[in-house]
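Below you'll find the structure, written out as structure tokens, and then a few comments.
None of the figures in this text is laboratory data; all of them are computed from the coordinates on show. What you are looking at is a predicted structure, and each value in this text was computed from that prediction instead of being measured. Cβ atoms come from the backbone with ideal geometry, glycine included; neighbour counts cover every protein chain shown.
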Amino acid sequence: MSHYEMVIGLEVHAQLNTNTKLFCGCSTQFGAAVNSNVCPVCLGMPGALPVLNKDAVTMAVQAGIALQCDIQRESVFARKNYFYPDLPKGYQISQFELPVCLSGFLDIDVDGVSKRIGITRIHMEEDAGKLLHQGAMGIADSTHSLVDLNRACTPLIEIVSEPDMRSAAEARAYVETLRRILRTIGVNDGNLEEGSMRVDINISLRRPGEQRYGTRCEVKNVNSFRSIDRAIAAEFNRQQDILESGGIVVQQTRNYHDDTQTTTPLRDKEDAHDYRYFPEPDLLPLILSDERIRSIRDAMPPLPQAIIERYSDLGLSRVDSDILIEELEMRHFFEECLQAAGDVSAKEICKWVIGDLNALLKPKGGFDAPVIAASHFVRLLTLIATDKVSGKMAKEMLAQMIDTGKSADDLLATMGGGQISDESALLDMVKQVMAENQDVVDKVKAGKTASANFLMGQVMKRSQGKAKPDLVMSLIMSEIK
């Protein structure tokens, strides 16, 4: 058992899902050709003036509302001055003393135990560019670095938590819960690997029961949930070794290396005065009226917990609800199906959406570009519910609907009709199959009831898969008795 308690606070940078950058009209498209989405504003050319993106403001306010923050009627942009090769202006436009959101919270759950994590602030800022280190091992053996400024001026919100977390599990739960909320309301795509959500971990150690915080270090370069766990463990062990050997932890910004699971120093940790913040002279204060805030609140999509509660009322399990919340495009298709559902239950729609349909669409790009209309899909489920097609037939038809674009009714017509549920017609087939397979009938009579499945399979084959399976089995067992 460790003699130290860890204290963790997180700074989460989330790129906003706008089409254009924070202060100019350049595209925010990820993966574009190097230095193609740039202009005089995001390149920091002399005389180029910023113009604030209205959609970015809306999304920042949405995030604040979702995280129970106080939305500030007046906020101010500031210049954060520092030099780095991917910062063309020599300063970053951010918010300091007057951010757009203050004093929120986020509830997390770890092993069935709920905990409330305070949120200090949410402020808007522009992203920097990206350094492309020219070495086989990245920065470790780089001979030089190239600069891609496509990302420069991309709109961010920085969500700063209180130092309320005491374990890696709590930190991970916080990021996972935050990511789910931001993705659900459409503010951020949650892609840690592409850098659209980045996590900086502030961690310090203290003796259990102490009120005073220890010296904190900030760990950067954490781009996955697994890395959050590992980075915290690595930094905790490093600081603990220093303290137990009688040393002093120095306040630093450190880089995490996932290959070695270690942290190394980047620079001494800066304080606010080191950045020489002052109000951005080229931007007026951002004023949000009560009416504007109210209209944003009224247009907010439902939060994950509200969706879970609604789906529960519709008969969905928590597991199914979690899948739909996590897979946004799949959930959008599911919602379209609900609109056209008729007498088909939400539970049945969900079973087919997350099961067979998902499996068929994955090789074709998934639900991002569905190749089947929700109305056609629901019609197929209606045919199942009314015994016009069997589950086996439906799976085959679904694959053909995706490949050909034909409706379920059109496919049913080309197949010569739907499921055979006429008892007299099926009874004739059952009797023929039993007469041809008397040895199997004898096995069933002797107590080997599983052999009846062979007889049912022969009837299904004879009917070209159209016989109603449960009715066939019932007739077989009735005839044998």
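Some observations on this one:
- Euclidean distance between Cα centres, the range 333-350 to the range 1-33, Å: 35 Å
- Relative contact order for the chain, counting Cα pairs under 8 Å that sit 6 or more residues apart, in percent: 13 percent
- Kirkwood-based shape ratio for the range 302-414, expressed as Rg/Rh from alpha carbons: 0.96
- Straightening the chain between residue 226 and residue 242 buys 3.3 nm, computed as 0.36 nm per residue apart minus the Cα-Cα spacing.
- Beta bridges by DSSP in the chain, antiparallel share as percent, to the nearest 5: 95 percent
- Separation of the alpha carbons by more than 20 angstrom is noted, of 130/364; 130/220; 80/130, for 130/364.
- Local net charge near residue 131, Cβ-Cβ under 10 Å (Lys/Arg +1, Asp/Glu -1): -1
- Of all aspartates and glutamates in the structure, those lying under 13 Å Cα to Cα from residue 347, and not within fewer than 8 positions of it along the same chain, are 313, 320, 335.
- Placing dummy labels 7 Å off each Cα toward the beta-carbon, the span from residue 339 to residue 114 is 3.3 nm.
- Counted by Cβ distance under 11 Å from residue 56, the other residues give a net charge of -1, where Lys and Arg count +1 and Asp and Glu count -1.
- For the chain, Cys with no neighbouring Cys Cβ under 4.7 Å: 24, 26, 39, 217, 337, 350
- Taking the average, over residues, of other Cβ atoms within 10 Å as the packing measure, peptides 194-204, 69-79 rank 194-204, 69-79 from highest down.
- Rounded if a/c under 1.5, otherwise prolate or oblate - the range 1-114, Cα gyration tensor axes: prolate
- Calculated FRET value between residue 287 and residue 436, using beta carbons and R₀ = 60 Å, to 0.05: 0.10
- Charge sum, other residues only, whose C-beta stays under 10 Å from residue 30's C-beta, Lys/Arg counted +1 and Asp/Glu -1: -1
- Nearest-0.05 FRET efficiency for residue 30 and residue 364, computed from C-beta distance (R0 25 Å): 0.70
- Seen against the Cα atoms of the chain and their longest principal axis, helix 304-313 is set at about 20 degrees.
- The Stokes-Einstein estimate for the chain, based on a Kirkwood radius over Cα pairs and taken at 4 °C with 1.567 mPa s viscosity, is a diffusion coefficient of 48 µm²/s.
- Solution diffusion estimate, µm²/s, Stokes-Einstein, the range 185-324, Kirkwood Rh from C-alpha pairs, 4 °C, viscosity 1.567 mPa s: 66 µm²/s
- Convex hull volume of the range 128-199 per residue (C-alpha atoms, cubic angstrom): 130 Å³
- 29 Å Cα-Cα reach of residue 481 towards lysines, excluding residues that sit fewer than 8 places from it in its own chain: 388, 392, 431, 443, 445, 448, 461, 466, 468
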